[in-house]
Amino acid sequence: MRILLSLFLLIAVDCLPHKVTAADKQPNVLFLISDDLNNMLGCYGDPKAKTPNIDRLAARGVRFDRSYCTFPLCGPSRNSMLTGLYPNSTGIQANSQIFRQTIPSQHSLSQAFRLSGYFAARIGKLYHYNVPNSIGTNGHDDPGSWELELNPAGVDRMEHHPDIFSLTPGQFGGTLSWLASPKSDQYHTDRLMAEDADWVLERCAKRKDRPFFLAVGFFRPHTPYVAPKEPYFGWYPEKEMRVVANVQEDQSDIPAAGLASYKKEQDKLTDDLRRQSLQAYYACISFMDAQVGRVIDSLDRLGLAENTIIVFTSDHGYHTGEHGLWQKMSLFEESARVPMLIVAPGVTAKGGVAKSPVSHIDLFPTLTELCGVNAPSNIQGQSLVPMLKDPSVVGRGWAITQVTRGAVGPRAAQNPNAKGKSFFGYSLRTPRWRYTEWDEGNQGRELYDHDKDPLEQTNLAMKPEYAKTVDDLSIQIRSAAKSTFPPSGETPEVKTALWAPLLTEP
Ligand SMILES: [Ca+2]
Ligand SMILES: [Ca+2]
């Protein structure tokens, strides 16, 4: 009888509503992402950047020192990161598209959390937006990814457009452009988003029985570089801004494809404009940093921090004159590298630094593992949980970034005037080397030794003494590139039309 009773109790205990008990303990996720932000941050060693809030976040968890995007452009990178699939598997290799146009039944990151019972909310830019015109709308968003979406628009979108300086007057989305705004933080979009985040977190704090996934996508420092003049522009006196020297000499050993992200309008840059541009970019980073600080403060004030995983990253890197390049779409370190900080209470060592190369593709399996959420079986990254526990763990040991040259795939169809043959460049980053092949080597190769040449000034690919290194890395990059495709080996096609929301002229 006693045995029977014990058995009954065991079964009864086993039948308790596990889901509720587990959900109680499932951590929340606060996913913070900045737009067009490179590693010009205090915690990554930048001598000028004033980023005290991102720096203190880094001190709370693990800073990934060699983290890379899969494609240095908003749309392809974000679709890849948020599906856990490389651009060759999402089929999204241009802006203004969403993976529902190619692989509609794939579950996105926040959707996987929703399917596990999480409340998932988005504030600002997670998928692609036309910046600045689509600020204040849903952009090219995925409605299935969120239960709540908030799209504030501040003076940067609503009032300042006529006053913005641009290399091409009237254009300031893809063109270098900036404005020191006379309006203080509280009038700007990114600040309004931080206030919305506070409001959402207050709601979440009242519902501790339901874990949350809150994603906040800041628009700065994407062009136009608009931030409050005071204090941020004042922190970076124009005369103290650097201008990259010896560009012509540096460019002499770079294949044409490696420099093809240069835009003709950038011929208009004088050294004064280069300094002003850098001042404005830094000012936007510090303004965005202040908003990150507000969101972290809200999390702390509401008592949510001890059970909330925090991620901070950017969608890709950014050039500020290195190799004569500006903005994105190159395969150099500045464009491929991204900041990546992860704070996982009870898991991460405080102030840890992981040096082995990792990728955005790794965020999906990391977050689902930390939260006990089911991930789709076809995602392509590695879990970073072992590196969070011990930052010296090597993991996969490399990261691959790709980019298009000419027009490829659906873009070519839209742009019949595109000249010449289109092709891909792939770049592999190992702890020591950056190795790049343009059109499988037909349009050039680049090899940089980061042990001796962290600024990638000397291309070693054609030097006889590096022939063996090039051969080895060429085999490795082909194998890595192959792993970015779906099992079919075919990149899915974009099947439905494009759209671009515009707040003021719908
Ligand atoms: Ca971007
Ligand atoms: Ca060079």
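Averaged over residues, the count of other Cβ atoms within 10 Å places the peptides 303-311, 283-291, 484-492 in the sequence 283-291, 303-311, 484-492, highest first. In a fully extended conformation the segment linking Ser392 and Glu147 would gain 84.4 nm over its present Cα-Cα distance, using 0.36 nm per residue.
3J(HN,Hα) along the range 123-136: 10, x, 8, 10, 8, 5, 10, 6, 9, x, 4, 8, 4, x Hz, from the Karplus curve 6.51 cos²θ - 1.76 cosθ + 1.60 with θ = phi - 60°, whole Hz, x for Gly and Pro. Roughly how many Å² is the accessible area per residue of the chain, as a whole number, for a 1.4 Å probe? Accessible area per residue: 40 Å². Candidates Val247, Gly217, Trp235 compared by Cα position along the dipole of the range 185-265: farthest toward the positive end lies Gly217, with charges placed on Cβ. Between Thr458 and Ala497, the distance separating the two model label sites (each 7 Å from Cα on the Cα→Cβ line) works out to 5.6 nm. Give, to the nearest whole percent, the P(r) tail of the chain beyond 45 angstrom, counting all Cα pairs. The calculated P(r) of the chain puts 11 percent of pairs beyond 45 Å. What share of the DSSP beta bridges in the chain is antiparallel, in percent to the nearest 5? Within the chain, antiparallel bridges account for around 50 percent of the total. Our summary gives the chain a relative contact order of 24 percent, counting only alpha carbon pairs under 8 angstrom and 6 or more residues apart. Straightening the chain between Asn374 and Glu230 buys 47.2 nm, computed as 0.36 nm per residue apart minus the Cα-Cα spacing.
In this simple spin-label model, placing a label point 7 Å from the Cα along the Cα-to-Cβ direction at both Asp209 and Asp297 gives a separation of 3.3 nm.
Per atom type, the range 426-501 shows carbon and sulfur on 55% of its accessible surface, probed at 1.4 Å.
When both the range 382-406 and the range 87-126 are represented by their alpha-carbon centers, they are found 21 Å apart. Averaging over all projection directions, the Cα-based convex hull of the range 28-144 occupies 8.4 nm² in the image plane. Largest accessible area first, the residues Glu334, Glu195, Glu249, Glu369 order themselves as Glu249, Glu369, Glu195, Glu334 under a 1.4 Å probe with ligands, DNA and RNA left out. Kirkwood-type hydrodynamic radius, the range 167-323: 18.0 Å, calculated from all non-identical alpha-carbon pairs.
Within the accessible surface of the range 75-162, defined with a 1.4 Å probe on protein heavy atoms only, the carbon and sulfur portion equals 49 percent.
Between Lys48 and Glu159, the C-beta separation translates, for a Förster distance of 25 Å, into a calculated FRET efficiency of about 0.30. Within the range 230-370, all pairs of alpha-carbon atoms sorted by distance into 5 Å bins from zero give the percentages 2, 8, 13, 16, 16, 15, 12, 9, 6, 3, 1, 0. The count of lysine pairs in the range 227-346 whose Cα atoms are under 22 Å apart, excluding pairs fewer than 8 places apart on the same chain, comes to 5.
The values are calculated or read from the model by the stated rules, or taken from the named source; none is laboratory data. Remember, predicted model here, so these are calculated numbers, not experimental data. With ideal geometry, Cβ positions are generated from the backbone for all residues, glycine too; neighbour counts draw on all protein chains shown. Heads up: the accessible areas ignore ligands, DNA and RNA and are worked out on the full protein's heavy atoms, side chains in. Shrake-Rupley method; radii C 1.70, N 1.55, O 1.52, S 1.80 Å.
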